[in-house]
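This report refers to the structure that appears directly beneath it.
Please treat every number below as a calculation from the coordinates, not as lab data. Treat the numbers as computed from the prediction; the structure is a model and nothing was measured. Using ideal geometry, Cβ is built from the backbone for each residue, glycine included, and neighbour counts are taken over all protein chains shown.
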Amino acid sequence: MRVTLYLRCGGVPSSLVELVSTGLATDHRGILVFTMPEGDPETEKVGTTDLTAFNPEGRIPILLLPDGRKMTQSGPIVDFIEDCLDHGTGMLPDDPWLRAEVRRIMWIIAADTQPYQNIPFIIQAMGEWGMVKAAPTVHPLRLHFIRREFGALETILAQCAGRFAVGDKITHADCFLLPQIRNALLAGINLADEFPTMARVWENLLVVHEVKAVLDEAGGVVQPLAFDAEKFEVYANMPGR
Ligand SMILES: N[C@@H](CCC(=O)N[C@@H](CS)C(=O)NCC(=O)O)C(=O)O
């Protein structure tokens with residue numbers, strides 16, 4: 001979603017970067033497993049739908065180039081596309097300090113928030129490493145890290161936000177912030193009560209046509225896809241767990 005928001009908000013034409021939906025399954029624990037789409041020309045070329053043949057981490061997003069090169073990680077993918085455009089998308093501020101501010105927010109989300117509140121991580125930790133058992137979406141570890149990092153972001157945004165995360169134009173920072181807020185809403189966080197500046201930015205983002213379209217396509221303002229609850233129940237209640 002970070003990359004999709006960047007492409008749409010930056011007006012990158014689909015003739016330049018085409019978005020392709022992955023296949024989606026769940027493993028025996030209920031954890032989402034992404035696969036390459038069946039019948040896609042790129043899948044056919046490599047000869048498998050197994051995502052690890054495209055990204056050794058087995059994660060999305062993946063940027064596929066016509067010459068066969070493959071780039072992964074949302075930040076580097078966005079940076080690469082931005083660098084390839086003749087005049088960029090105009091989303092990054094000209095001022096170097098503000099550009100760093102944009103990247104600081106991206107990094108706080110990508111490196112310090114998302115991995116620790118990630119439902120696959122939480123399910124695995126409960127099932128295999130004896131972590132406290134609780135419903136994955138509202139697990140205390142998940143809530144702790146979302147609140148800890150959102151608290152930091154709230155302080156940062158109080159200094160640099162305008163209409164959006166950094167100033168009055170949508171930047172890469174908003175493209176990273178929005179999916180994380182969506183995840184926080186799934187965790188039951190009350191944004192307006194706890195993080196008012198972030199809540200203001202979120203409300204401003206929701207009325208942007210491109211953002212609204214991406215959210216509608218992805219199932220709404222609250223993150224809907226998390227895990228297979230039935231498989232998780234069976235897995236979590238197996239003897240010895
Ligand atoms: N740091 C990575 C995170 C990517 C990531 O966690 N993607 C999720 C989907 S949103 C995924 O592929 N999860 C499957 C897995 O963890 O096996 C990035 O920014 O691209």
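Here's the picture: charge each Lys and Arg Cβ at +1 and each Asp and Glu Cβ at -1 in segment 96-236, and of Ala110, Leu205, Ala152 the one pushed furthest to the positive end of that dipole is Ala152. Coupling constants for segment 161-173 follow from the phi torsions by the Karplus curve (6.51 cos²θ - 1.76 cosθ + 1.60, θ = phi - 60°), and in residue order they are 7, x, 5, 10, 4, 10, x, 9, 10, 5, 10, 4, 4 Hz; glycine and proline get x.
Just in segment 90-165: which trypsin sites (Lys or Arg not before Pro) are loop by DSSP and have at most 15 other Cβ atoms within 10 Å?
Values: sites: Arg99, Arg103, Arg104, Lys133, Arg142, Arg147, Arg148, Arg163; in loops: Lys133, Arg163.
For trypsin sites (Lys or Arg not before Pro) across segment 90-165 that sit outside H, G, I, E and B with at most 15 neighbouring Cβ atoms in 10 Å, the list reads Lys133, Arg163.
For the listed peptides 84-95, 176-187, 29-40, 115-126, a ranking on the average number of other beta carbons within 10 Å per residue, highest first, reads 176-187, 115-126, 29-40, 84-95.
Residues whose amide H lies under 5 Å from that of Thr35, counting only those 5 or more places away or on a different chain, are Gly23, Leu24, Ala25; hydrogens are built 1.01 Å from N in the peptide plane.
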